[in-house]
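Bear in mind that the values in this text are calculations on the coordinates, not laboratory data. These numbers were taken from a predicted model, which means no experiment stands behind them. Glycine also receives a Cβ, built like all others from the backbone with ideal geometry; neighbour counts cover every protein chain displayed.
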Amino acid sequence: LYDEKLNDRHAFQSRRAIKLDDAIDTGTLDYWFQPTMSLETGQIIGLETLVRWVHPVDGVIAPDDFLPMVKELGLMGALDLLSMTAALTEKRNLNHAGFGDIGIAFNASPELLSHPDFIRRLVWGVEAAGIEREQVTIEVLETTNFGDASETQSHAAIIRDLHDGGFQVHLDDFGIGFAGLSHLAKLDVTGVKIDRGLVTNLLSDAISGKIMRKIVELSNDLALNVIAEGVEDQATATALAGMGCGVIQGYWLSRPLPRDDLLDWLHDRQRQQRPKRA
Ligand code: C2E
Ligand code: CA
Ligand code: CA
């Protein structure tokens, strides 16, 4: 019985792997966009590009359920190049729709950072679409192995090149790894995105609240952008505003939006006139 179950599981996994390989090959993944808002002005200032796999039978699959397989297949770099292209395409659409002030962000795996075509394709993409580089944010996980910036191929050197090239680079899931603070000293990033775990516990757990306050204070001192992700209620948004946190993202503002709903959502908000305030 055990063997049979294991066999079934293997068969299921390899069927999925083939379909996934195919979806990446043919570029038929889908992209959803989650807004970020300035706590100071109430304006929408950015959108994060989040990949979804629309499986022919199982429907929409979230990244946590298929990115591990993408990694195993050695296709993370290829997938991230597609996400980057989707991000730039959406940014061009936003510009055409009168939302030129809204920036775009995408997630960059270590595999993307080391991909030989990454920076060339990024620069080509922004030039071709007439996008301002400072409106493009690359989110890099705090847990990435950055290496030494003096080695030209290291991830630290690539981040410096991106920053020197005029792009924004944010450290994602910040505040849960051990290396966070030393990364701030060594890496040429323009901002931090504080991990959902810390944000969620902000009001219920005194330690999380204290860590959060210090991270926000330090980031402000270092003139870094600071974004809190995973904000699910007004009380958390208000507490963050009180700490001096500049930007929030989370279900309280909006869940990730399918591309087809995005412009309607932005227009609706614009029509509401009174921006949502913490
Ligand atoms: P992430 O970069 O931390 O993205 C934020 C995740 O938190 C998203 O999940 C989003 O739906 C979820 N989220 C946002 N607000 C809230 C909230 O208020 N409460 C809760 N509980 N969750 C919230 P999603 O879309 O499932 O993405 C999961 C992770 O997958 C992302 O985490 C990111 O690390 C990765 N990912 C997504 N798209 C890509 C991609 O194109 N490339 C790479 N390399 N990674 C990606
Ligand atoms: Ca992210
Ligand atoms: Ca994150």
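Run through every distinct alpha carbon pair of the stretch 51-169 and return the Kirkwood hydrodynamic radius in angstroms, one decimal place. Each step should come with its number before you reach the end.
On the way: mean 1/r = 0.0656 Å⁻¹.
Taking every pair of different Cα atoms in the stretch 51-169, averaging 1/r and inverting gives 15.2 Å.
List the pairs from LYS91/LYS193; LYS5/LYS193; LYS71/LYS210 whose alpha-carbon separation is above 32 Å, in the order I gave them. Present the calculation step by step, with values, prior to reporting the outcome.
On the way: LYS91/LYS193 21 Å; LYS5/LYS193 41 Å; LYS71/LYS210 35 Å.
Correct reply: LYS5/LYS193; LYS71/LYS210.
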inquiry  = Run the helix sum for the chain: -39,500 (n - 2.57) per DSSP H stretch of 4+ residues, divided by residue count, reported at 222 nm to the nearest 500 deg cm²/dmol.
reply    = -14000 deg cm²/dmol
key: Degrees, to the nearest 10: 2-25 long Cα axis against longest axis of the chain   = 70
request  = Could you tell me the distance between the Cα centroids of the stretch 73-112 and the stretch 214-278, to the nearest Å?
outcome  = 20
request  = Report the charge-dipole magnitude of the stretch 71-135 in Debye, nearest 20, computed about the Cα centre from +1 at each Lys and Arg Cβ and -1 at each Asp and Glu Cβ.
outcome  = 100
Part-to-part distance (alpha-carbon centres) for the stretch 1-44 and the stretch 141-158, which is given in Å = 27
Beta bridges per DSSP with both ends in the stretch 41-186, % antiparallel, nearest 5 = 20
query = Just how large is the dipole of the chain about the Cα centre, in debye to the nearest 20, putting +1 at every Lys and Arg Cβ and -1 at every Asp and Glu Cβ?
reply = 640
message = Could you give each residue of the stretch 66-75 its phi-based ³J(HN,Hα) in whole Hz, using Karplus coefficients 6.51, -1.76, 1.60 with θ = phi - 60°, and x for Gly or Pro?
response = 9, 5, x, 5, 4, 4, 4, 6, x, 10
inquiry  = Can you give the longest run of the chain that contains no GluC sites (Glu not before Pro) sitting in a DSSP loop with at most 16 other Cβ atoms inside 10 Å?
reply    = 41-131
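Provide ASP161, ASP22 in ascending order of the number of other Cβ atoms located within 10 Å of each residue's Cβ, fewest first. Before the final figure, lay out the partial values.
Details: ASP161 16, ASP22 11.
Starting with the residue having the fewest Cβ neighbours, the order is ASP22, ASP161.
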request  = Compute the relative contact order of the chain as a whole-number percentage, counting only Cα pairs closer than 8 Å that sit 6 or more residues apart in sequence.
outcome  = 17
query = Taking amide hydrogens as modeled 1.01 Å from N in the peptide plane, which residues meet the under 5 Å criterion relative to LEU47, leaving out close sequence neighbours?
reply = THR36, GLY103, ILE104, ALA105
request  = Return the sequence-ordered ³J(HN,Hα) values of the stretch 84-90 in whole Hz as given by the Karplus equation 6.51 cos²θ - 1.76 cosθ + 1.60 applied to θ = phi - 60°, using x for Gly and Pro.
outcome  = 4, 4, 4, 4, 5, 4, 5
task = Return the percentage of antiparallel bridges among DSSP beta bridges fully within the chain, rounded to the nearest 5 %.
result = 40
Spatially proximal aspartates and glutamates relative to LYS19 (Cα-Cα < 19 Å; intrachain offsets below 8 disregarded) = ASP8, ASP30, ASP58, ASP64, ASP65, GLU72, ASP80
task = Using only Cα atoms, tell me the angle between helix 155-164 and the longest principal axis of the chain; keep it within 0 to 90° and round to the nearest 10.
result = 50
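Could you work out the Kirkwood radius for the chain, taking every pair of different alpha carbons, averaging 1/r and inverting it, reported in Å?
Numbers: mean 1/r = 0.0505 Å⁻¹.
That comes to 19.8 Å for the chain.
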note = Sorted by chain and number, the residues with a modelled amide H under 5 Å from that of ILE61, at a separation of 5 or more or across chains, are TRP53, VAL54, HIS55
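With 10 angstrom as the radius, rank ARG255, ARG133 by how many other C-beta atoms surround their C-beta, starting from the fewest.
Ranked by crowding around the Cβ, least crowded first: ARG255, ARG133.
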